[in-house]
Amino acid sequence: MPVDASNVDFWWHTHPNTTINGVTLGGSDPSKADYTGQANMVNRGYKGNTFVIGVRNGTVTFFNAKGTLITVKYSDFKRMGGK
């Protein structure tokens, strides 16, 4: 995590399609740790919203410190980005 995040344009990561201790992961719902990371980035100067890609369910969720903003299909996300 950068010390100065004021020049960071995008902050994102993936939730991989995996199973741990019988729990299947890979959705795009932000975790408690995701919200903590977002808060840390904002405290370091980040001004954008974060997103997480859910590999298992093929969705992308945009969020900020207040909660989820929008969830879209990964195919739509790619199209929004221009391919």
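Remarks
- Residues located in segment 26-74, provided they are loosely packed, with under 15 Cβ neighbours inside 10 Å and of a type in the set (D, E, K, R): 29, 32, 44, 47, 66, 73
- Of everything in segment 17-50 that is in contact (Cβ under 8 Å) with a residue 40 or more places away in the chain and within 13 Å of the chain's Cα centre (by Cα), the residue that is farthest from residue 64 (Cα to Cα) is 28.
- Complete set of residues in segment 51-71 that are farther than 21 Å from residue 18 by Cβ and touching a residue at least 24 places away in the same chain (Cβ under 8 Å): 63, 64, 65, 68
- Strands (runs of 3 or more DSSP E) wholly inside segment 14-83 containing at least 3 residues that are touching an Asp or Glu at 6+ places or on another chain (Cβ under 9 Å), farther than 18 Å from residue 2 by Cβ and not acidic (Asp, Glu): 59-64
- Every residue from segment 33-50 that is within 17 Å of residue 16 (Cα to Cα) and of a type in the set (D, E, K, R): 34
- Qualifying residue in segment 38-50 (condition: at pLDDT 95 or above and among the small types (Gly, Ala, Ser)): yes
- Count - residues of segment 66-83 that are over 15 Å from residue 12 (Cβ atoms) and under 12 Å from the mean Cα position of the chain (by Cα): 1
The values are calculated or read from the model by the stated rules, or taken from the named source; none is laboratory data. Since the model is a prediction, treat every value here as computed from it, not as a measurement. Ideal geometry is used to build each Cβ from the backbone, glycine not excepted, and the neighbour counts take in all protein chains shown.
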